[in-house]
Amino acid sequence: MRLIPFLLLSTLLIGNPFDGLSQAKLSKKPSKAQENQVKATRYFIEGEKALVLGDLDKSYFYLQKSLELSPEEPAISYKIAEVLIRSNQAEKALPFAEKAVDKDPDNKYYALMVAEIYSNLKQPLKAAEILDRLTSESDKNQQYNLDLASIYLNANEFDKALVVLDRAEDYYGIREPFTVQKQRIYLRKDNLPKAIEEGHKLIDAFPGNPNYVLNLVEVLYNNAKLEDALNLVMEEIQRYPDQAELQMAAYTLLKEKNRAENPTITFSALSKVLIDPEVSL
């Protein structure tokens, strides 16, 4: 019978002397990672506390320590960007905010921060790109359409602003902020008929609200359409005779209309017209 060499036999019986050491090293790796995660969390919490208390330098210090231990965590980058924004360092904050978006593109708050930074850096159209993506990709973000439209309006991107406001109107229905903004855009585009149309939409959607009537009256009056403004007011007075705002607007318009022909027109005479539009001055 052949004998197994002693060294080989010893190895078989004892096993690989390095196995235990290797396993010990391997077992320490997740433990170290877990330890780093615990430290990162602790630093993050301290950074948030300091931020709440307004100690921006201390907050930045702790958040940077947290980021060193957990560089892939988007929430840390986001908070660092917030600290820098509050420190009036928007340009320095931008890469941190963009990193947060890159790591978690579905988080709208990260995207909104990037948009805010671009606005602070006087790059509104880059901010608009982000808001446009948010509002076009999800019905849950339609509330940002008005901000987006304002950016386009200030950048003289009137057609884009109208597209955004139409999108918001399709989702929410006729609402004062959307319609008034559209009206302003049409006025800036010198499209008075469309601006008047928007004014009538509000009046029809919310009957009995004198503010919308007066808004359209102002538009008509400022665009040399005194007769149309007066007719509008008188029609509304017939429907809602107890609205003092419309009575006063009608008095002012009638006085303006008849000033040249009747410079001594009295309040009593105008009142008769308000009561009965068929009465002539």
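The values are calculated or read from the model by the stated rules, or taken from the named source; none is laboratory data. Note that the structure is a prediction, hence the values are computed from the model and not measured. All Cβ positions, glycine included, derive from the backbone under ideal geometry; neighbour counts span all protein chains shown. Heads up: the accessible areas ignore ligands, DNA and RNA and are worked out on the full protein's heavy atoms, side chains in. Shrake-Rupley method; radii C 1.70, N 1.55, O 1.52, S 1.80 Å.
Across the accessible surface of segment 28-181, with the other protein chains kept in place and a 1.4 Å probe, carbon and sulfur atoms take up 49 percent. Would you mind checking Lys108/Lys160; Lys49/Lys79; Lys108/Lys182; Lys92/Lys122; Lys79/Lys99 for any pair whose Cα atoms are more than 19 angstrom apart? Beyond 19 Å: Lys108/Lys160; Lys108/Lys182.
Taking the average, over residues, of other Cβ atoms within 10 Å as the packing measure, peptides 138-146, 206-214 rank 206-214, 138-146 from highest down. From the residues Asn88, Ser119, Pro71, which one has its Cα farthest along the dipole of segment 64-120 in the positive direction, the dipole being from +1 and -1 charges on Cβ of Lys/Arg and Asp/Glu about the Cα centre? About the Cα centre, the residue reaching furthest to the positive side is Asn88. Diagonalise the Cα gyration tensor of segment 80-239 and give the resulting equivalent ellipsoid semi-axes, square root of 5 times each eigenvalue, largest first, whole Å. For segment 80-239, the ellipsoid semi-axes come out as 39, 16, 12 Å.
One quarter of the surface of the convex hull around the alpha-carbon atoms of segment 138-188 equals 3.1 nm², the direction-averaged projected area.
Within the same chain, aspartates and glutamates fewer than 8 places from Lys39 are excluded, and of the rest, those with a Cα less than 19 Å from its Cα are Glu48, Glu68, Glu72, Glu73.
Karplus-derived 3J(HN,Hα) values for segment 94-107, using 6.51 cos²θ - 1.76 cosθ + 1.60 with θ = phi - 60°, are 4, x, 5, 5, 5, 5, 4, 5, 4, 7, 9, x, 8, 7 Hz; glycine and proline are entered as x.
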